[in-house]
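What follows is a single structure, written as structure tokens, with notes after it.
The values are calculated or read from the model by the stated rules, or taken from the named source; none is laboratory data. Given the structure is predicted, the values throughout are model-derived calculations rather than measurements. Glycine also receives a Cβ, built like all others from the backbone with ideal geometry; neighbour counts cover every protein chain displayed. Keep in mind that these areas ignore ligands, DNA and RNA; they rest on the heavy atoms of the full protein, side chains included. Shrake-Rupley method; radii C 1.70, N 1.55, O 1.52, S 1.80 Å.
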Amino acid sequence: MNDIEKESDPPELAYSSESLSVAAREDGVSAAYEAKSRLINEHLQNEIGFGRYQLQLFILTGLGWAADNIWLQGVAIILPQVQSELHPVRVEFTTLSLYVGLILGASTWGILADLIGRRLSFNITLFIAGVFGVAAGGANNFTTLASLVACVGFGVGGNLPVDGAIFLEFIPKSHQWLLTLLSAWWALGQLFASLIAWPLIGNFSCASANDCPKSSNMGWRYTFYVLGGVTLIMWILRYVVFDLQESPKYLIGRGQDEKAIKVLQHIARVNGKTITLTAESLRKASGTQDAASTSLTTRQLIQQSFSSVSLSHVKPLFSTRRLAINTTITIALWGLIGLAYPLFNGFITLYLTTQVPSDSSISTTYRNYSIISVMGVPGSIIACLVVDWSRKNRSAFAMGGRKVTMAVSTALTGVFLFLFTTSKTNAAVLGYSCASGLTQNAMYGVLYAYTPEVFPAPHRGTGDALCSAFNRITGILAPVIKIVTTTAAGTAANGSANGPIFVSASLFLVAAILMLFLPIETAGKAAL
């Protein structure tokens with residue numbers, strides 16, 4: 001046994017037979033898998049480290065997260081202009097269509113990541129989003145637009161659950177805090193969309209809904225062309241330029257130890273390092289003597305995977321009382337936030353236009369939206385700093401670590417949204433919107449880190465998919481609530497009723513309370 005295997009491990013990395021059996025009962029994973037996973041974590045930390053491969057992966061998974069919010073905000077941005085030109089019965093149906101696609105995308109790509117590996121989902125999702133995004137810009141009627149936006153959602157919907165899992169499984173424990181920093185890309189996605197829309201929609205939009213032909217309202221179409229083109233460039237970088245390796249933790253979960261070792265050796269070479277871990281070491285640590293895995297073609301692997309589709313990746317997430325409670329609350333949080341977030345942000349340009357009608361020019365609306373987007377970036381950075389601090393300081397456990405950070409930022413978001421409804425001036429609207437943007441991104445930053453950390457790798461894709469899918473399922477209710485509350489208030493589709501914002505703020509406060517009841521704290525622990 002080499003020197004690295006002889007070194008004494010910190011408590012959270014120990015893999016004695018007793019600790020393995022306890023961990024298996026608590027986390028719903030086999031003792032053999034956990035032993036291999038912990039050994040891989042050791043070599044990632046002590047031999048491979050964080051280098052060129054992980055840096056490239058951070059950028060490319062970050063682009064995927066940016067794409068998710070680019071399209072969430074891209075659809076929100078165009079609503080006033082779509083309403084003026086295409087005259088749909090309810091322009092909110094555009095958002096409804098997007099969420100239908102997001103639900104299907106999150107479920108499909110996340111579950112496929114556990115069935116046939118992470119690479120397929122990682123490589124294809126942005127291509128689908130980019131192609132249909134460009135096509136949506138050419139839609140000549142509302143039905144076509146809504147259908148194409150749903151296809152965009154199907155593609156981009158798989159990015160958050162898949163990209164987060166991929167990045168987490170390739171980084172050493174010392175850099176796990178970077179998963180939170182990925183949320184800065186999400187904030188940058190909103191900023192990018194707003195900076196593209198401001199000049200295009202501001203300068204190429206019709207002044208009145210009474211006279212708004214396509215030729216004088218090309219701004220929202222130009223915006224979609226740019227966003228779709230940029231998404232395709234992201235896909236080229238991911239699929240053509242970067243050589244993504246399959247996750248070694250996925251491979252050992254499928255019994256393919258030799259392939260996992262080859263992946264780790266490749267990463268070590270890219271980082272300019274060497275690795276002493278062998279397949280024999282993995283089998284020895286887990287107490288098994290598996291034969292070499294049989295090589296399967298892609299077609300055989302897909303057939304094998306779908307022939308055994310079942311609840312095998314869901315049941316382990318509820319295998320113990322503690323894990324079941326944590327999984328249930330985590331999924332519920334994603335659901336609550338999935339409804340609360342789009343109730344405000346999904347229609348933010350409508351709110352900015354109508355909250356103070358006396359000063360609601362197109363240029364002012366998109367200028368303010370760009371300022372709000374800028375404020376989201378420091379929110380993600382603040383969350384990253386807090387997560388890194390909780391990793392380094394044991395006292396953070398006593399203070400609640402990730403959980404308290406999430407709860408405080410979520411509660412502040414609810415408070416600022418309540419205050420938004422009292423706004424009577426443009427300065428107040430902008431100020432409360434900026435404050436909520438900062439706290440929302442801080443909240444999402446920690447939640448994005450906590451969720452994949454709390455699920456073991458064999459079932460991480462499915463766990464993330466359940467959270468993401470439930471997030472999208474509840475999000476589909478946002479346009480329905482928006483329609484109902486504005487109609488009940490006797491307003492038009494662009495009305496200024498604050499009902500949806502009150503609902504959003506209340507849901508954020510409920511989510512903040514639930515976060516305090518999560519039984520598992522992940523700060524300072526290496527992900528399995």
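Looking only at region 121-152, filter to residues that are of a type in the set (G, A, S) and open to solvent by 10 Å² or more (accessible area, probe 1.4 Å); which one of those is farthest from H43 (Cα to Cα)? Steps first, answer last, please.
Here is the first cut: in region 121-152, the ones of a type in the set (G, A, S) are 121, 129-130, 133, 135-139, 146-147, 150.
Keeping just the survivors that are open to solvent by 10 Å² or more (accessible area, probe 1.4 Å) gives 135, 138, 146-147, 150.
Numbers: A135: 46, G138: 51, A146: 48, S147: 47, A150: 43 Å.
The selected residue is G138.
Take the residues in region 164-186 that are of a type in the set (V, I, T) and closer than 27 Å to I261 by Cα, then tell me which one is farthest from the chain's Cα centre (by Cα). My answer is I171.
Of everything in region 167-215 that's of a type in the set (S, T, N, Q) and under 15 Å from Q83 (Cβ atoms), which residue is surrounded by the most Cβ atoms within 10 Å (Cβ to Cβ)? Talk me through it step by step, then tell me what you get.
Here is the first cut: in region 167-215, the residues of a type in the set (S, T, N, Q) are 174, 176, 180, 183, 190, 194, 203, 205, 208, 210, 215.
This time we only want the ones that are under 15 Å from Q83 (Cβ atoms), so: 205, 208, 210.
Values: S205: 21, S208: 8, N210: 7.
So, considering only residues that are of a type in the set (S, T, N, Q) and under 15 Å from Q83 (Cβ atoms), the one surrounded by the most Cβ atoms within 10 Å (Cβ to Cβ) is S205.
For A129, indicate whether it is modelled with pLDDT under 90, part of a helix (DSSP H, G or I) and under 21 Å from the mean Cα position of the chain (by Cα). So A129 does not fit the description; no. Taken over region 229-273, residues that are under 22 Å from D68 (Cα atoms) and in a helix (DSSP H, G or I) amount to 13.
With region 1-95 as the region, which helices (runs of 4 or more DSSP H) entirely inside it contain at least 1 residues that are of a type outside the set (D, E, K, R), surrounded by 23 or more Cβ atoms within 10 Å (Cβ to Cβ) and at pLDDT 75 or above?
Details: elements: 3-6, 17-27, 31-43, 52-86.
Answer list for region 1-95: 31-43, 52-86.
When T485 is tested against (1) open to solvent by less than 10 Å² (accessible area, probe 1.4 Å); (2) modelled with pLDDT under 80; (3) more than 19 Å from F154 (Cβ to Cβ), only condition (1) is not met.
When you scan region 153-163, do you find a residue that is of a type outside the set (D, E), open to solvent by 10 Å² or more (accessible area, probe 1.4 Å), modelled with pLDDT under 85 and under 14 Å from the mean Cα position of the chain (by Cα), even just one? Yes: region 153-163 contains one or more residues that are of a type outside the set (D, E), open to solvent by 10 Å² or more (accessible area, probe 1.4 Å), modelled with pLDDT under 85 and under 14 Å from the mean Cα position of the chain (by Cα).
Listed by first and then second residue, the pairs with beta-carbon distance under 9 Å, at least 6 apart or on different chains, first residue in region 367-388 and within 16 Å of L179 (Cβ to Cβ), second open to solvent by 50 Å² or more (accessible area, probe 1.4 Å) and at pLDDT 85 or above, are S380/W185; S380/L188.
Table: residues versus (1) in contact (Cβ under 8 Å) with a residue 60 or more places away in the chain; (2) over 19 Å from S363 (Cβ atoms); (3) not small (G, A, S).
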residue: P161; (1), (2), (3): yes, yes, yes
residue: E169; (1), (2), (3): yes, yes, yes
residue: S174; (1), (2), (3): yes, yes, no
residue: L178; (1), (2), (3): yes, yes, yes
residue: W186; (1), (2), (3): yes, yes, yes
residue: S194; (1), (2), (3): yes, no, no
residue: A197; (1), (2), (3): yes, no, no
residue: C212; (1), (2), (3): yes, no, yes
residue: Y222; (1), (2), (3): yes, no, yes
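Which residue pairs have Cβ atoms under 6 Å apart, sit 6 or more places apart or on different chains, and have a first residue in region 238-256 that is without any contact (Cβ under 8 Å) to a residue 60 or more places away in the chain and a second that is small (G, A, S) and open to solvent by 30 Å² or more (accessible area, probe 1.4 Å)? The qualifying pairs are G255/S293; Q256/S293. The residues in region 428-452 that are touching a Phe, Trp or Tyr at 6+ places or on another chain (Cβ under 6 Å) and open to solvent by less than 10 Å² (accessible area, probe 1.4 Å) can be counted, and the count is 1. Which pairs have Cβ atoms under 8 Å, sit 6 or more apart or on different chains, and link a residue in region 304-323 that is within 11 Å of I111 (Cβ to Cβ) and small (G, A, S) to one that is modelled with pLDDT under 75 and open to solvent by less than 90 Å² (accessible area, probe 1.4 Å)? Going by the 8 Å Cβ cut-off, the qualifying pairs are S305/L115; S305/I116.
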